Amino acid sequence: MPKDVPAFLSLSIPSGKPQSKQILVLGLDGAGKTSVLHSLATNHVKRSTAPTEGINAVCINTEEAKMEFLEIGGSESLRSYWKMYLPRVLVLIYVVDSADHERFPLAKQLLHQLIQNDSTLPVVILANKQDLKGAYCITDIHDALALSEMGDERKMFLIGTHVAEDGSEISSSMKDAKELIAQLVSETQ
């Protein structure tokens, strides 16, 4: 184990190919990763306002698959650990804040750096916060993230999502995302 890895990240440092069906959930801080993950796991909404410090692991069972989601915080200090987990995952979920226009160049840069060495890793991009005023539409997000440059070999999906009020059921777009992720995991394993 590398000496410079903080203790909270040292429990699951990958050592090769995945043993379980792991999905990595990444994105800039404030994009809504934790809220999205909670919605996928419970089919109900619970907004999270506290940033993730370290790793948030959630297991989700569907008819298609048993999946382990690993969310790593998106703060600048944690981004250097993102690549350590890529070799063991079956799918990358990348969450962006559709209304945070100023951070799209950074979100694009980090996404392209993550996937540059694996042309076959399936990527699901969740354009979150579509319900906010000023949110980019899906075609603008596609362009802002330069998704056409990701290559033809890769399975890549862009889905507009939002997390509604606390306690309500998840939106149809979140249900679609959950079904798509389960299908990708089933196909990839």
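How high is the relative contact order of region 19-188, in percent, counting Cα pairs under 8 Å that sit 6 or more residues apart?
28
For a 25 Å ceiling on Cα separation, which of these pairs sit above it: LYS21/LYS129; LYS66/LYS175; LYS21/LYS175; LYS21/LYS178; LYS129/LYS175? Kindly include the intermediate steps, with their values, before the conclusion.
Numbers: LYS21/LYS129 27 Å; LYS66/LYS175 16 Å; LYS21/LYS175 19 Å; LYS21/LYS178 14 Å; LYS129/LYS175 15 Å.
Over 25 Å apart, Cα to Cα: LYS21/LYS129.
So, counting K/R as plus one and D/E as minus one, what does the shell of residues with Cβ under 9 Å around THR188 add up to? Write out the running numbers ahead of the final one.
Values: positive: LYS21, LYS155; negative: GLU187.
Summing Lys/Arg as +1 and Asp/Glu as -1 gives +1.
If contacts are Cα pairs under 8 angstrom and at least 6 residues apart, what is the relative contact order of region 86-162 in percent?
Numbers: 110 pairs, mean separation 30.4, N = 77.
Reported relative contact order: 40 percent.
R0 = 30 Å: FRET efficiency of GLU153 with GLU179, Cβ-based, nearest 0.05? Write out the running numbers ahead of the final one.
Working: r = 23 Å, r/R0 = 0.77.
Efficiency, rounded to the nearest 0.05: 0.80.
Throughout, read-outs are computed from the coordinates displayed, never taken from laboratory work. Keep in mind that what you see is a predicted model, and the values were worked out from it rather than measured. Here the Cβ is made from the backbone with ideal geometry for all residues, glycine too, and neighbour counts use every protein chain on show.
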